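Notes for the one structure printed next.
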Amino acid sequence: TFVPVSGRVDRSVTSVQVNNIPVSVNPDGTWTARYYLPAGPQSFRVVARNSAGGTVEETRNVVVAYTAAVVNVFVNGGDAWILATVDGTDVQGTGRVYHPGETAVFTGKEVRIKSGNAANTQVIYNGQLIASLGRQGEVVERVFVAQ
C-alpha cells in the first residue's frame, strides 16, 4: 500500500529531508518515511544536515511494481456508505457508513468499491491518486484490477 523509505544517520545530524519533505529522526539516528507511489521508476533524494550546516545528499532510484490491485480508500468531507468486494467476496466490516478520517485498504486481483456518497470517497489505486469517485450524494461503483 505504501513504499517505506528508511535509513540511519549519525547522531550529529539535526534534520533529514526526503524529496524536500522533512522526516523525523529518532534518537538512535533511524528514520522512516512512507510514500504512496504509482508503478514505474521513482527517485528519492535524501538530504541530511548537521548543526554546523554541513550537508550530505544521496539519491536512490527504485522501480515500483504492483502485482495486485491495491486500493486505499479515504473518507473526507462527510459520511459515505462504502461496500468493498475483493475477488468476488464482500469484505467483512464494509457495507456500512464510514466517517470523515476513516481509511481502509483492499488488495486483490479485482477490487470493487461502491460508495453511497462518491464525493466524500477518495481513492489511491496502486499508488496513484484517483481523487473523489463522483459527486455529492451520487452512488458510484468503481472496479480496480491488478495491472
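The values are calculated or read from the model by the stated rules, or taken from the named source; none is laboratory data. Values in this document were obtained by computation on a predicted structure and should not be read as measured data. Cβ placement follows ideal geometry from the backbone for every residue including glycine, while neighbour counts extend to all protein chains displayed.
Of note:
- The number of residues in the range 45-87 being closer than 30 Å to VAL97 by Cβ and assigned to a strand (DSSP E or B) comes to 14.
- Any hit, the range 35-46, residues being among the β-branched types (Val, Ile, Thr), assigned by TED's automatic domain parsing to the domain that holds GLN17 and either within 30 Å of ARG11 (Cα to Cα) or touching a Phe, Trp or Tyr at 6+ places or on another chain (Cβ under 6 Å) (or both): yes
- Single condition ARG60 does not satisfy, out of (1) under 22 Å from SER6 (Cβ atoms); (2) out of contact with any Phe, Trp or Tyr (no Cβ under 9 Å at 6 or more places or on another chain); (3) among the basic types (Lys, Arg): (2)
- Members of the range 1-38 found to be among the hydrophobic types (A, V, I, L, M, F, W, C) and assigned to a loop (DSSP other than H, G, I, E, B), listed by number: PHE2, VAL9, VAL25, LEU37
- Annotation for the range 90-107: at least one member residue is among the aliphatic types (A, V, I, L, M), within 22 Å of THR67 (Cα to Cα), out of contact with any Lys or Arg (no Cβ under 6 Å at 6 or more places or on another chain) and outside any strand (DSSP E or B).
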